[in-house]
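The values are calculated or read from the model by the stated rules, or taken from the named source; none is laboratory data. Computed from a predicted structure; not experimentally measured. All Cβ positions, even for glycine, are placed from backbone atoms using ideal geometry, and neighbour counts span all protein chains on display. Protein only, heavy atoms only, side chains kept; ligands, DNA and RNA dropped before computing areas. Shrake-Rupley method; radii C 1.70, N 1.55, O 1.52, S 1.80 Å.
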Amino acid sequence: MDLFTYGTLMFAEVWQRIGIAQPAAQPAILPGYAIYRIRNALIPGIIHTGPGDQVRGILYQGLDATTLEELDVYESDLYQRIPVHVRQQDCRIIECQTYAIPLVNRTVLSKEIWDADWFQQHALAQYLQS
């Protein structure tokens, strides 16, 4: 299974913390989605918004069922793993899965756009200690 990640799972330190070997990765873009910070938290969530929006992230390919089960536990029931199509750097479209915020949990999202660079520089160390 292929998995698109856009938040904490883009960082090797997080994979190490949760005790899962980080698979090979490559950049990808998820069109039609937007990324926001979860209220009172350092983590993000994505929602489907439509044309014009996109989320940059990482595509991990070839994850086995055991790894996906462990990631499902890590992501919790705050997220729902759903099928999506992402665009790779060479413009190929790949079907994969991602963790999105389901409609029932949308109120947890703030209006603040989540930024991976800011997270890495200012919040990753704190997140790893929590």
Is at least one residue of region 10-18 basic (K, R), open to solvent by 60 Å² or more (accessible area, probe 1.4 Å), assigned to a helix (DSSP H, G or I) and touching a residue at least 40 places away in the same chain (Cβ under 8 Å)? yes
Taking region 1-24 and keeping residues hydrophobic (A, V, I, L, M, F, W, C) and touching a helix residue (DSSP H, G or I) at 6+ places or on another chain (Cβ under 8 Å) leaves M1, L3, L9, M10, F11, V14, W15, I18, I20, A21
Practice problem: Output yes when any residue across region 38-57 is open to solvent by less than 30 Å² (accessible area, probe 1.4 Å), touching an Asp or Glu at 6+ places or on another chain (Cβ under 6 Å) and of a type outside the set (D, E, K, R), and no when none is. | Solution: no
For region 35-59, pairs from a residue that is among the basic types (K, R) to a residue that is open to solvent by less than 30 Å² (accessible area, probe 1.4 Å) and outside any strand (DSSP E or B), with Cβ under 6 Å and 6 or more apart or across chains, are R37/W114
Evaluate the following for E95: is it open to solvent by 40 Å² or more (accessible area, probe 1.4 Å) and touching a His at 6+ places or on another chain (Cβ under 6 Å)? yes
Check: Would you say R87 is open to solvent by 30 Å² or more (accessible area, probe 1.4 Å) and under 16 Å from the mean Cα position of the chain (by Cα)?
Finding: yes
